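Shown next, in structure tokens, is the structure this report addresses.
The values are calculated or read from the model by the stated rules, or taken from the named source; none is laboratory data. Worth saying up front: this structure is predicted, and the values here are computed from it rather than measured. Cβ placement follows ideal geometry from the backbone for every residue including glycine, while neighbour counts extend to all protein chains displayed. For the accessible areas, the whole protein counts, side chains as well, though only heavy atoms, and no ligand, DNA or RNA atoms are used. Shrake-Rupley method; radii C 1.70, N 1.55, O 1.52, S 1.80 Å.
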Amino acid sequence: MADADLAFSPRARFALYGAVRAKAPLVQNITNFVAMTFSANVLLAAGASPAMVHAEEEAEDFSAIASALVVNIGTLSPPWIGAMKRAAALYRARGKPWVLDPVGAGATRLRRETSQSLLDLKPAIVRANAGEILALAGTLGGAKGVDSLAGSRSAVAAAQSLSRQTGAVIAVTGEVDYVTDGARLAAIHGGHAMMARSTATGCALSALTGAFAAVAKPFEAAVAALSVYAAAGAIAASHIRGPGHLPASLIDALDVLDEPQLAAHSRVEIE
Amino acid sequence: MADADLAFSPRARFALYGAVRAKAPLVQNITNFVAMTFSANVLLAAGASPAMVHAEEEAEDFSAIASALVVNIGTLSPPWIGAMKRAAALYRARGKPWVLDPVGAGATRLRRETSQSLLDLKPAIVRANAGEILALAGTLGGAKGVDSLAGSRSAVAAAQSLSRQTGAVIAVTGEVDYVTDGARLAAIHGGHAMMARSTATGCALSALTGAFAAVAKPFEAAVAALSVYAAAGAIAASHIRGPGHLPASLIDALDVLDEPQLAAHSRVEIE
Amino acid sequence: MADADLAFSPRARFALYGAVRAKAPLVQNITNFVAMTFSANVLLAAGASPAMVHAEEEAEDFSAIASALVVNIGTLSPPWIGAMKRAAALYRARGKPWVLDPVGAGATRLRRETSQSLLDLKPAIVRANAGEILALAGTLGGAKGVDSLAGSRSAVAAAQSLSRQTGAVIAVTGEVDYVTDGARLAAIHGGHAMMARSTATGCALSALTGAFAAVAKPFEAAVAALSVYAAAGAIAASHIRGPGHLPASLIDALDVLDEPQLAAHSRVEIE
């Protein structure tokens, strides 16, 4: 087993989850209305401390006390864009990580322009689906509203290119998740198809990624967050009949996830 | 069995649900904060593709790619009204259907005026409770906040009159649901009293009606959507002890609903 | 048993819950995006009629028809502050009770200033955690984002002082809940640690407190609301494995709560 693989072993990834639980980082979220409640509950289940704080007037005070920021443009409107940019700039200036979730990046001009402005503010990590990554990279994406018609594999080259252009770690989620820092590429296996049938599952993963970014470097944080979520999602789906119970079951799975479960229900390959 | 009845047989209604699942229409929702998450999950469970997109700046771009619009005034405020009107006008101009849910229409002047302005923009379908329909029709309604004190039957004449005035199909929901296009009147039996004890159940039905409006004519769409929801609600309620689990159970029921279940748990009469 | 104790016996407290169920008070909520859906469902489960209505333009009309108001500053932004103040002033002027939930009061200047302005508008009841009460009382609080690091007992003196200054009944929730009107102090035992691991649990309790304030005097209302919630929370937690199912289980427990359950799962001491 190569050193690179050891760094992403179940033990190493679970150690980062242990760090989230031990440090309980305060994570500020400027996120969409659909995802707020579930994102807060995912962060609480992981042992982090969520704060849904979106006023531009609070960005300065809050960036001083929080450890990481998550910006999600799902229910975008102009009054929120100023706060997103101000907060992102403040976290960047303070050397604190922030995560961008560019929901529906290719669907409208407002989303394209906002995503680009936010990318210029140097997120540590971008978490998105294939269609959104293809749109950000300027490639013709297969977007349908906020869902992606393209498989995650099809966006790997665009993700690598986008990572090299922006300096951000790019996480593309789908049936298999991919994380790249431009040089390295990790493939994360796990999860369950039911996760795509419950709203805000990806948004809440972005929130969780923010908690990991508060305790580890971006590439390691993203790989660990995605594999923890993939394992919890697979366990959650195994306990239920349909997508209606997925959010509650996923929270319960995150709450008690241990290292053997992480090892059994997720797999990371470094390419 | 008359032709009119055949057109609303379980087979015919279920065929429209099959069309929603097969075509997965993209449905834009400008809806209230309480209902957003549940509405998105109801649309996903039905096989549609939900988008919660409310910025006036996105209305033009989004109306070009989506198949239907749902406007719900539940948590109304002036900054949203412009977007509601702009989006409604655009869908109308493009010949795409839009559904109005005039939450609390009679409770305040802002709601009365906004509902009237939106009615002028020609929704294909209005989905509301009896108190709201009575308020829209200018009749003295029994409104208490956003809930209705009046039974749905008491609003049938007002619904027929409103339908003739506006050209919209009117769906009045309650213990029995009624749908009218001014000439025809359908009564939909099914559902469960527990549905009124869980918030946003009616709002999410309006969202579902939008998905059906994307694949069928308004009267047929409304009857099919309401009967599918009534069947799923009855099934959902039979699996649980209390209203806390209704949303998750309703989503699961929608997810797997088949034609025999629709036939067993809903009934449509054409008057 | 002293008279004071009799006034807070399970029978007396349950009688107030019976009054909520019988009168079904219409409760206006200007609350945060995270808590809206759960708060509405908690009010419905208690038999009250929730309305999430936040437009300043509706404050006059709505304060005329509703019985109580709940203001929660969780996802604060300047456009909402005007509506909060206007609504609070109107309820006060009409002699109707309103409840303040000063989420994260100590975390930012915007929250400190807004909380103080709202306190000046004479809430009947303030429901908060220890860190928020310490911040409102001008004491150095142990706030971490919106969660409190301080135990509820540590804020009792500050709560008593704040009550005397403002005339409001102060409810400090935590492992043990305390309610004071400056003279009396009630300690409410019950609940479950899992309640702190599900978002908006405290916010929804503030909403429920608004329903009780519509049917009883502030001190009695707060004690009854907190003990009903504590009992329902303990029952809810006993039925589930993890925090993911807490909201649904708590709603079901509130829905069917009876006097023996209230007596068995909550305890009130008057000091």
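Of the residues that make up segment C:227-241, is at least one within 23 Å of C:I30 (Cα to Cα) and at pLDDT 95 or above?
yes
Counting the residues of segment B:48-64 that are over 20 Å from the mean Cα position of the chain (by Cα) and more than 7 Å from chain A (Cβ to nearest Cβ) gives 4.
For segment A:175-191, the condition of being surrounded by fewer than 24 Cβ atoms within 10 Å (Cβ to Cβ) and part of a helix (DSSP H, G or I) holds for none of the residues.
Looking only at residues of segment B:194-225 that are away from chain C (no Cβ under 11 Å) and not in a helix (DSSP H, G or I), we find that the one that is most open to solvent (accessible area, probe 1.4 Å) is B:K217. Of the set (1) open to solvent by less than 30 Å² (accessible area, probe 1.4 Å); (2) part of a loop (DSSP other than H, G, I, E, B); (3) over 20 Å from C:N29 (Cα atoms), all apply to C:G104 but (3). Name the residue that is nearest to the chain's Cα centre (by Cα), counting only residues in segment B:254-268 that are within 14 Å of chain A (Cβ to nearest Cβ) and open to solvent by 10 Å² or more (accessible area, probe 1.4 Å). Checked segment B:254-268; the qualifying residue nearest to the chain's Cα centre (by Cα) is B:D255. Being within 17 Å of A:G74 (Cα to Cα), touching a Leu at 6+ places or on another chain (Cβ under 9 Å) and of a type in the set (A, V, I, L, M) holds for only one residue in B:A66, B:A46, B:A89, and it is B:A66.
Contact map, segment B:73-99: first residue within 14 Å of chain C (Cβ to nearest Cβ) and open to solvent by less than 40 Å² (accessible area, probe 1.4 Å), second residue acidic (D, E) and part of a loop (DSSP other than H, G, I, E, B), Cβ cut-off under 9 Å, separation 6 or more or different chains; the map is empty. Of all the criteria given as (1) touching a residue at least 12 places away in the same chain (Cβ under 8 Å); (2) open to solvent by less than 10 Å² (accessible area, probe 1.4 Å), the one not satisfied by B:E58 is (1). Considering the conditions (1) over 24 Å from A:F33 (Cα atoms); (2) within 12 Å of the chain's Cα centre (by Cα), A:A222 is excluded by exactly one of them, (1). With respect to the conditions (1) surrounded by 19 or more Cβ atoms within 10 Å (Cβ to Cβ); (2) free of Cβ contacts under 8 Å to residues at least 60 places away in the same chain; (3) more than 12 Å from chain C (Cβ to nearest Cβ), A:V70 falls short on a single one, namely (2).
Scan segment B:107-139 for residues that are in a loop (DSSP other than H, G, I, E, B) and under 16 Å from the mean Cα position of the chain (by Cα) and jot them down. Within segment B:107-139, B:K122, B:P123, B:A124 qualify.
Step by step: first the residues of segment C:238-253, then only those that are in a loop (DSSP other than H, G, I, E, B) and open to solvent by less than 40 Å² (accessible area, probe 1.4 Å), then the one that is nearest to C:S9 (Cα to Cα). Which residue is that? For segment C:238-253, the residue satisfying everything is C:I240.
Can you find even one residue in segment C:16-34 that is farther than 19 Å from C:F212 by Cβ and either free of Cβ contacts under 8 Å to residues at least 24 places away in the same chain or away from chain A (no Cβ under 14 Å) (or both)? No, segment C:16-34 has no match at all. The residues on offer are B:L134, B:L118, and the sole one that is in contact (Cβ under 8 Å) with a residue 24 or more places away in the chain, over 21 Å from B:L208 (Cα atoms) and more than 14 Å from every other protein chain (Cβ to nearest Cβ) is B:L134. Only one entry of A:G242, A:G233, A:G210, A:G191 meets the criterion of being of a type outside the set (A, V, I, L, M) and more than 24 Å from B:P50 (Cβ to Cβ), and that entry is A:G210. Of all residues in segment C:36-47, those satisfying the criterion of being within 10 Å of chain B (Cβ to nearest Cβ) and open to solvent by less than 10 Å² (accessible area, probe 1.4 Å) are C:M36, C:S39, C:A40, C:V42, C:L43, C:A45.
If you check B:T108 against the conditions, is it in contact (Cβ under 8 Å) with a residue 12 or more places away in the chain and under 25 Å from C:A59 (Cβ atoms)?
Working: in contact (Cβ under 8 Å) with a residue 12 or more places away in the chain: no; under 25 Å from C:A59 (Cβ atoms): yes.
It is false that B:T108 is in contact (Cβ under 8 Å) with a residue 12 or more places away in the chain and under 25 Å from C:A59 (Cβ atoms).
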